[in-house]
Amino acid sequence: MPTILRIIGIAAAAVLSVSQMDNASAHVLSADVSTSTTAAGGSPAVSSVVLFRNVRIFDGVSARLTGVQDVLIRGSHIERIAPALAAEPNAQIIDGGGRVLMPGLIDAHWHTMLVADPGRGDFENDPAYMAVVAVPEASRALMRGFTTVRDCGGSSFALKNAIDNGVVAGPRIYPSGAMISVTSGHGDFRTPRDLPRTLGAPGSFIDHSGHAVIADSPDEVRMRVREQLMQGASQIKLTAGGGVSSPHSPLDVVTFIPEELHAAVEAASNWGTYVTVHAYTPEAITQAIGAGVKVIEHGSLMDEAAARLMASKGIWLSTQPFPAELGSVFPAGSTQAEKFKEIFGGTDNAFRLARKYRLKTAFGTDLLFSSALGALQNQMLANLTQWYTPGEALVMATGTNGELLQLTGKRNPYPGRIGVVQEGALADLLLVDGDPIADISLIARPEQSLQIIMKDGVIYKNTLP
Ligand SMILES: [Zn+2]
């Protein structure tokens, strides 16, 4: 316990130094948080009232802007949307001047603890170091306009709590906890010297880090799932096939057997939530769906039959428009670099199939191992326009991703509607200097374009004149 406190202490100091350096936005962040009556994520001590005047609304559902409206925020929720609302005496009034108010962005596949870790996936860095670099990166994600992330692997529980308690600034986190893998699978970062493992024996250093964990039987899978749930996982992530960054798994392999996948699905659904799997190939996708998995991460190498199966069962595709730069984290010529090329080559086909079969499709980035790459989060959203209209892309990253979050059911850490600007929804809002539907490149330049960033009714950035 003292270790955790120490990590958070160091991390908070890191955020302060970042905010001091980033004078364009983050100074507003600390000022507004400290004067607010609301702790980020917590219930308001005194209900604060903010009235946005003269805004056009992109509501996260329709790809069209409304006419000029006022939006009243009370505490952490949007209370009223109507033209020319009466001002209350204590309300903070913000004149939007005809700018666009839209929902905060949601990244459906993020790794809070790994995105800025320069470890290239070997998880060998000291966990305290990983936490220290994760904290300012979480703050940067919020400053990029991402007010919610769905964490698809990594021990993000402590950082989530620190954010929710207002200790540091960052997005809402829907944590999966450790990604669960089989021996040799995607997520097994041990070396052959660590073999043989005895079933039930104490875990490896990586198991203990909480970022990835090995399970090799239905019983072990059930236990690992329950361990994540006990720590507060809102959904469970398994790696059902080979992966790019892991050293031992070829891309074509199917890893878990149906009994193991089923054990995970049963344990998660007993807890009121669901399992998502990392899967690129039709074989991995098909087996996982047969076991009751609800969401496929990536799907980059899927075929027509897999897409048809997903459509017929209402399975979500959570996929990523990977930029070529992402390959640069792996040494040229390495197995990982070759595997990345193959996955990258499947991206276009996956999006075409998603469109053709009208799959429920979520936008995520899966950026890893480099803070510089983490900064591509917004550009990746804009890149969706290779397959979608700007309006469709923005709906995907807000309202549609918000629907995916609802699969967590009673385990939803932030009950309420997220990703929409509607009366009664949580007040996660961006004020954009321009119309992002007409010009999505505004979203790719968050420092200039996002003039207000609000999460849970709290203003973290305000650069209005
Ligand atoms: Zn991932």
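Filtering segment 128-140 for residues that are within 16 Å of the ligand (Cβ to nearest atom) and touching a Pro at 6+ places or on another chain (Cβ under 8 Å) leaves an empty set.
For (1) closer than 28 Å to residue 60 by Cβ; (2) at pLDDT 95 or above, each residue gets a yes or a no:
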residue	(1), (2)
120	no, no
131	no, no
151	yes, yes
168	yes, yes
179	no, yes
201	no, no
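Screening residue 322 on (1) within 16 Å of the ligand (Cβ to nearest atom); (2) at pLDDT 95 or above; (3) in contact with a Ser or Thr (Cβ under 6 Å, 6 or more places away or on another chain); (4) within 26 Å of residue 282 (Cβ to Cβ) shows it passes everything except condition (2).
When 381, 431, 450 are checked against the criterion of being out of contact with any helix residue (DSSP H, G or I) (no Cβ under 9 Å at 6 or more places or on another chain) and surrounded by 21 or more Cβ atoms within 10 Å (Cβ to Cβ), 431 stands alone in meeting it. Scanning segment 95-118 for residues that are surrounded by fewer than 24 Cβ atoms within 10 Å (Cβ to Cβ), on the phi < 0 side of the Ramachandran plot and at pLDDT 95 or above returns 95, 96, 99, 100. When residue 342 is tested against (1) in contact with a helix residue (DSSP H, G or I) (Cβ under 8 Å, 6 or more places away or on another chain); (2) at pLDDT below 95, just one condition goes unmet, and that condition is (1).
When segment 340-387 is filtered for residues that are over 26 Å from residue 247 (Cβ atoms) and either among the charged types (D, E, K, R) or within 14 Å of the ligand (Cβ to nearest atom) (or both), the ones remaining, listed by number, are 348, 352, 355, 356, 358, 360, 362, 363, 377. The number of residues in segment 131-152 being without any contact (Cβ under 8 Å) to a residue 60 or more places away in the chain and touching an Asp or Glu at 6+ places or on another chain (Cβ under 7 Å) comes to 1.
Checking each residue in segment 78-116 for being among the acidic types (Asp, Glu) and either part of a strand (DSSP E or B) or under 25 Å from residue 363 (Cα atoms) (or both) picks out 79, 95, 107.
For residue 211, indicate whether it is closer than 23 Å to residue 413 by Cβ, surrounded by 21 or more Cβ atoms within 10 Å (Cβ to Cβ) and in contact with an Asp or Glu (Cβ under 6 Å, 6 or more places away or on another chain). Walk me through it before giving the result.
Details: closer than 23 Å to residue 413 by Cβ: yes; surrounded by 21 or more Cβ atoms within 10 Å (Cβ to Cβ): yes; in contact with an Asp or Glu (Cβ under 6 Å, 6 or more places away or on another chain): no.
Answer is no for this residue.
The helices (runs of 4 or more DSSP H) located wholly in segment 278-378 that include 2 or more residues which are more than 25 Å from residue 180 (Cβ to Cβ) occupy 304-313, 335-356, 371-374.
Can you tell me which residue among 177, 170, 153 is crowded, with 24+ Cβ neighbours inside 10 Å, under 14 Å from the mean Cα position of the chain (by Cα), more than 15 Å from the ligand (Cβ to nearest atom) and assigned by TED's automatic domain parsing to the domain that holds residue 397?
170
Residues being part of a strand (DSSP E or B) and in contact with a helix residue (DSSP H, G or I) (Cβ under 6 Å, 6 or more places away or on another chain) are entirely absent from segment 183-197.
Somewhere in segment 369-378, is a residue under 20 Å from residue 439 (Cβ atoms), touching a residue at least 12 places away in the same chain (Cβ under 8 Å), in the same structural domain as residue 140 (by TED's automatic domain parsing) and not hydrophobic (A, V, I, L, M, F, W, C)? Yes, segment 369-378 contains at least one residue that is under 20 Å from residue 439 (Cβ atoms), touching a residue at least 12 places away in the same chain (Cβ under 8 Å), in the same structural domain as residue 140 (by TED's automatic domain parsing) and not hydrophobic (A, V, I, L, M, F, W, C).
Okay, residues lined up against (1) away from the ligand (no atom under 16 Å from the Cβ); (2) in contact (Cβ under 8 Å) with a residue 12 or more places away in the chain; (3) outside the structural domain of residue 403 (by TED's automatic domain parsing); (4) under 23 Å from residue 357 (Cβ atoms):
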{"residue": "239", "(1), (2), (3), (4)": "no, yes, no, no"}
{"residue": "245", "(1), (2), (3), (4)": "no, yes, no, no"}
{"residue": "273", "(1), (2), (3), (4)": "yes, yes, no, no"}
{"residue": "283", "(1), (2), (3), (4)": "yes, yes, no, yes"}
{"residue": "286", "(1), (2), (3), (4)": "yes, yes, no, yes"}
{"residue": "299", "(1), (2), (3), (4)": "no, yes, no, yes"}
{"residue": "302", "(1), (2), (3), (4)": "yes, yes, no, yes"}
{"residue": "313", "(1), (2), (3), (4)": "yes, yes, no, yes"}
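Screening residue 417 with (1) without any contact (Cβ under 8 Å) to a residue 40 or more places away in the chain; (2) more than 14 Å from residue 103 (Cα to Cα) gives one miss only, at (2). Using the structure shown, decide if residue 398 is hydroxyl-bearing (Ser, Thr, Tyr) and surrounded by 22 or more Cβ atoms within 10 Å (Cβ to Cβ). So residue 398 passes the test.
The values are calculated or read from the model by the stated rules, or taken from the named source; none is laboratory data. Computed from a prediction, not measured in an experiment: that's the story for all the values here. We place every Cβ from the backbone using ideal geometry, glycine too, and count neighbours over all the protein chains shown.
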